[in-house]
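Just below is one structure, and these are the notes that go with it.
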Amino acid sequence: MSRVSALEMAFAFMLRSPKYEASDGVGFNGQLHRKLIFKDATILLQCRSIVETGTYCGDTTAFMAENSNLPVFSCEANPIFQSLAISRLKEIGGIHFYLSDSRQFLKALFQSTEFAPHKQAPVLFYLDAHWHHDLPLEDEIDIICRSVHDFAILVDDFAVPGDPGYTYDNYGMGKSLDLTTFGSCFKRNDLSVFFPSLPSASESGGRRGCVLLSSRSQAETIRRQKSVKEHSL
């Protein structure tokens, strides 16, 4: 994205919403069931922290911080959007902002003394840094699986098998967020795969698809989560 386009988007967003204000339509594309998936996962896993890639303007970041009471470590590659998010969320505590490519952010975070105490309990990751020419998802997942033992990963904009009403990102050959493209990555990392249990026709807001992944150590816990259903690869 060009600097001019980013400035135009940020300015329009700032005029419309200069400060984060919680509502059903804000955060996670305004999807109430997606919010339930997030809440269920943080509670069942007894997470100690949340890690987000792709802060954008901060609505989902703020929702996660306020509804979990957990520290949120969030990175954004675009300095314009990061500045906007920091300004909009300045009254919300517990959010750690980073300006970085998501892959470099994850590598540095896992080696930092700041994050070290949080690695002793399950971590929830929210991956939403994919946009057009750059699709870091597979690298992000590989880095997480090499670095953290107990975790769940919620991926935004992912195709839900058998339910085309959930829209998803498709940037062309080999860059579609679906099982055809990423199923081998999930298998290679021994991840359990879960999709929303609610049909898209009953979801609110943007009706964007998602997938919830879990490490083997946390799979049985996620299976108790009624907001998702397991999918066999």
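Brief remarks follow.
- On inspection, residue 126 passes the criterion of being among the hydroxyl-bearing types (Ser, Thr, Tyr) and within 14 Å of the chain's Cα centre (by Cα).
- Residues within the stretch 70-87 that are outside any strand (DSSP E or B), under 21 Å from residue 212 (Cα atoms) and of a type outside the set (A, V, I, L, M), tallied: 1
- Members of the stretch 168-195 that are of a type in the set (D, E, K, R) and more than 16 Å from the chain's Cα centre (by Cα): 175, 187, 188, 190
- Counted residues, the stretch 1-53 - those being part of a helix (DSSP H, G or I) and surrounded by fewer than 18 Cβ atoms within 10 Å (Cβ to Cβ): 17
- Qualifying residue in the stretch 179-189 (condition: touching a residue at least 60 places away in the same chain (Cβ under 8 Å) and of a type outside the set (Lys, Arg)): no
A short reminder: the numbers here are calculations on the coordinates, not readings from a lab. Not measured: the values here are computed from a predicted model. Quick reminder, even Gly has a Cβ in these numbers, built from the backbone with ideal geometry, and neighbours come from all protein chains shown.
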